[in-house]
Amino acid sequence: MTPPRGALRDPKQDRSRATRQRLLEAAVACLAERGWARSTVAVVAERAGVSRGAAQHHFPTREDLFTAAVQHVAEERSAALRALLSQERPAQVRAVVEELVDLYTGPLFRAALQLWVVASYEEQLGARVAALETRIGRETHRMAVELLGADETVPGVRESVQGFLDMARGLGLANLLTDDRARRDRVVAQWARILDDVLRPPG
């Protein structure tokens, strides 16, 4: 008798997926907390609780590990943004603004900054990071437009959405030095009002 599809699971594959997940999460955490120079494969493997050999089995090079880690977390943030689509307006605009600002002030952006610095002088890594950041930027803009219900055929709407994303990136940069949450909350509230005015249908 043939067992139903999906009834049998391969424990080895499950362990492999779990190991890969731990390595990706550890790599992002190390980049955000330690920076590129101190985030070696050995350090990431130790934090993930796996051997260095296991880490290199999943990611043959250091560049493979860190670009995959940043992409992994970016995709998780994308999933969180898509979840906002289930919310009703008028709370949605403020929620989208807050979620996008969180994206640029969280560990993903901090880790990505470390990669950007290294990519500026490491040719092999530079091409990969540039392609990854281009994709993430486009995806973030597309989802922001969708989540906000923005009609980019209306003059000024595209620029307003992109201006907001640029502002959120700036808040992320400022957050590297100081966590001025009170000021950031005021800026977020103001941008939510600006976008709400821009996106509100006439009448």
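Odds and ends about this structure:
- Residue that is farthest from Glu146 (Cα to Cα), among those in segment 39-70 that are polar (S, T, N, Q) and out of contact with any Lys or Arg (no Cβ under 8 Å at 6 or more places or on another chain): Ser51
- Residue in segment 43-56 that is under 21 Å from Arg110 (Cβ atoms), surrounded by 15 or more Cβ atoms within 10 Å (Cβ to Cβ) and of a type in the set (Asp, Glu) present: yes
- Among the candidates Leu199, Leu125, residue that is surrounded by 12 or more Cβ atoms within 10 Å (Cβ to Cβ), touching a residue at least 40 places away in the same chain (Cβ under 8 Å) and under 19 Å from Phe66 (Cβ atoms): Leu125
- Some residue of segment 146-158 being more than 20 Å from Glu75 (Cα to Cα), in a helix (DSSP H, G or I) and at pLDDT 85 or above: yes
- Scan of segment 131-179 for residues that are of a type in the set (D, E, K, R) and over 18 Å from Thr105 (Cβ atoms), ordered by number: Arg135, Arg138, Glu139, Arg142, Glu146, Asp151, Glu152, Arg158, Glu159
- Neighbours by Cβ (under 7 Å, 6+ apart or cross-chain): first from segment 25-42, touching a residue at least 40 places away in the same chain (Cβ under 8 Å); second among the polar types (S, T, N, Q) and part of a helix (DSSP H, G or I): Leu31/Gln114; Gly35/Gln114; Trp36/Gln114
- Residue in segment 63-85 that is basic (Lys, Arg) and at pLDDT 85 or above present: no
- When residues in segment 1-54 are screened for being among the acidic types (Asp, Glu) and modelled with pLDDT of 95 or more, 1 of them pass.
- For segment 128-152, the set of residues classified as closer than 30 Å to Val198 by Cα and either surrounded by fewer than 15 Cβ atoms within 10 Å (Cβ to Cβ) or among the hydroxyl-bearing types (Ser, Thr, Tyr) (or both) consists of Thr134, Arg135, Gly137, Arg138, Thr140, Arg142, Glu146, Gly149, Asp151, Glu152, listed by residue number.
The values are calculated or read from the model by the stated rules, or taken from the named source; none is laboratory data. All of these numbers come straight from a predicted model, not from anything done at the bench. Glycine also receives a Cβ, built like all others from the backbone with ideal geometry; neighbour counts cover every protein chain displayed.
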